[in-house]
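Structure first, then comments.
Only the coordinates and a few stated rules stand behind these numbers; no lab work does. Quick caveat: nothing in here was measured; it's all calculated off a predicted structure. Here the Cβ positions follow ideal geometry from the backbone for every residue, glycine too, while neighbour counts run over all protein chains shown.
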């Protein structure tokens with residue numbers, strides 16, 4: 001590098017990240033891969049532009065910035081002196097006019113504090129800690145250069161966290177590691193988006209100074225969590241809230257929803273975030289099957305379609321009428337009720353007697369108990385589960401296994417994550433299940449309504 005500095009990138013992924021010419025680049029994967037050094041080192045590469053080089057380094061929570069600031073003092077301090085750093089403003093003001101700010105953005109709306117600012121370098125550390133892509137994508141509007149300096153968007157993270165789904169969809173799924181993706185803008189321009197993976201072995205300094213660190217990762221106690229952290233595998237979720245998930249057991253091939261079973265719907269409402277509506281029914285053994293889902297997303301993880309309740313109601317009506325299924329009752333998100341138990345305007349617009357439906361009863365609001373119930377239904381015993389999901393319910397299948405635990409309450413899920421299908425499912429499991437005798441009687445009544453007769457087996461109380 002042409003300028004004096006007390007740091008050089010390590011050979012391998014860290015160097016590849018620091019010299020990457022792409023506009024947008026993510027670095028990381030496994031723990032111990034040197035992400036913080038990578039971000040700070042990437043900022044260094046533009047310091048020669050002086051006053052034209054303005055950077056901002058984000059963490060979601062400011063207390064998490066302590067180690068970053070300390071590391072920046074170790075890298076910048078020996079060359080520029082500690083006096084260049086303002087402890088009150090959390091900012092490096094370098095002698096040649098370059099600037100690096102350390103900032104936090106805990107809530108999505110906090111990012112508007114940066115409206116009117118402009119930066120040539122923007123870095124997000126532990127990107128999966130943001131549940132939605134909005135803070136990250138909004139800062140592209142702040143990424144501009146009026147003095148000829150290049151612009152770069154950089155981020156680093158491990159798998160897991162409330163934003164695992166959208167980060168994986170943006171950086172992991174569309175492209176092979178290190179090869180990048182040509183992204184075309186609405187105006188027809190193109191830019192490169194790249195993911196550069198790193199593993200603990202790539203951080204040779206740490207491996208040399210602390211060779212036993214790798215062993216301590218497995219002391220976390222959860223083998224899957226340890227594997228995700230150690231290997232940086234994005235298909236294994238660090239801290240998954242639903243560890244029972246096994247697609248070979250829980251996912252089944254699509255089939256028509258049978259007309260001779262009681263069917264009910266469960267719904268978690270969302271406007272800016274997705275809504276999730278599911279249709280459930282029991283099989284012959286009293287196990288539950290999720291036969292269909294209606295999921296309101298914009299094509300981006302955890303971003304809703306902003307549809308009105310009346311629009312969603314019509315979609316529900318259309319599905320039930322075209323499928324010729326009778327759904328006497330649905331369970332609705334308890335947040336759609338006002339204090340005192342009265343339905344909100346959302347609940348009223350989603351349905352009522354005027355539509356030929358029974359009103360949505362208020363779902364039960366007992367998150368911890370319902371989560372435990374979901375664990376029991378998903379438990380795999382002798383290769384079988386009491387809950388199965390048809391393959392075309394792709395958003396439930398997509399979001400359920402990557403849902404993280406709440407870091408403040410391990411008995412709950414992280415509600416900042418894309419938990420809408422989960423909420424729909426746990427709410428739907430609270431419906432009181434009919435007995436086999438009740439199922440038989442309902443089948444008899446339905447056959448009488450449709451054909452005018454019942455079978456001899458049904459009269460004798462036989463099975464279906």
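Stretching residue 380 away from residue 205 to a fully extended chain increases their span by 58.7 nm, per 0.36 nm per residue minus the current alpha-carbon distance. Grouping the Cα pair distances of the chain into 20 Å bins from zero gives a pair-distance distribution of 21, 46, 25, 7, 1 percent in increasing distance order. More than 17 Å apart: what percent of Cα pairs in the stretch 253-311 qualify? It works out to 47 percent of all Cα pairs. Site pair residue 106 and residue 173 shows an inter-label distance of 3.1 nm when each label is modelled 7 Å from Cα along Cα→Cβ. Based on the alpha-carbon gyration tensor of the stretch 247-433 and its eigenvalue square roots a ≥ b ≥ c, which shape applies: rounded if a/c is under 1.5, prolate if not and a/b is larger than b/c, or oblate? Because its axes are fairly even, with a/c under 1.5, the stretch 247-433 counts as rounded.
Size estimate for the stretch 109-210 follows the Kirkwood approach: the inverse of mean 1/r over distinct Cα pairs works out to 15.6 Å. If one takes the longest principal axis of the Cα atoms in the chain, at what angle in degrees, from 0 to 90 and to the nearest 10, does the Cα axis of helix 436-451 lie? The answer is roughly 70 degrees. Each residue in 122, 252 was given a count of other beta-carbon atoms within 10 angstrom of its own, and listing them fewest first yields 252, 122. Length gained on full extension, residue 284 to residue 83: 65.0 nm, using 0.36 nm per residue less the C-alpha separation.
Panel order for 25, 84, by other beta carbons found within 10 Å of each beta carbon, from fewest to most: 84, 25. Decide, for the stretch 1-152, between rounded, prolate and oblate: order the square roots of the alpha carbon gyration tensor eigenvalues as a ≥ b ≥ c, take rounded if a/c falls under 1.5, and otherwise choose prolate if a/b is larger than b/c, else oblate. Rounded is the answer for the stretch 1-152, as its axis ratio a/c remains below 1.5. Legend: ranking of residues 227, 431, 107 from fewest to most surrounding C-beta atoms inside 10 Å; resulting order 107, 227, 431. Shape analysis of the stretch 164-279 yields a ratio of the Cα radius of gyration to the Kirkwood radius, Rg/Rh, of 1.11.
Taking the Cα atoms only, what angle lies between the long axis of helix 367-378 and the longest principal axis of the chain, rounded to 10 degrees? For 367-378 against the chain, the angle is about 70 degrees. Projected label points at residue 349 and residue 392, each 7 Å from Cα along the beta carbon direction, are separated by 2.8 nanometres. Helix 35-44 and the longest principal axis of the Cα set of the chain meet at an angle near 50°. Taking each residue as 0.36 nm, the span from residue 410 to residue 372 lengthens on full extension beyond its C-alpha to C-alpha distance by 12.5 nm. For the chain, adding -39500 (n - 2.57) for each run of n ≥ 4 DSSP H residues and dividing by the number of residues yields -7500 deg cm²/dmol at 222 nm.
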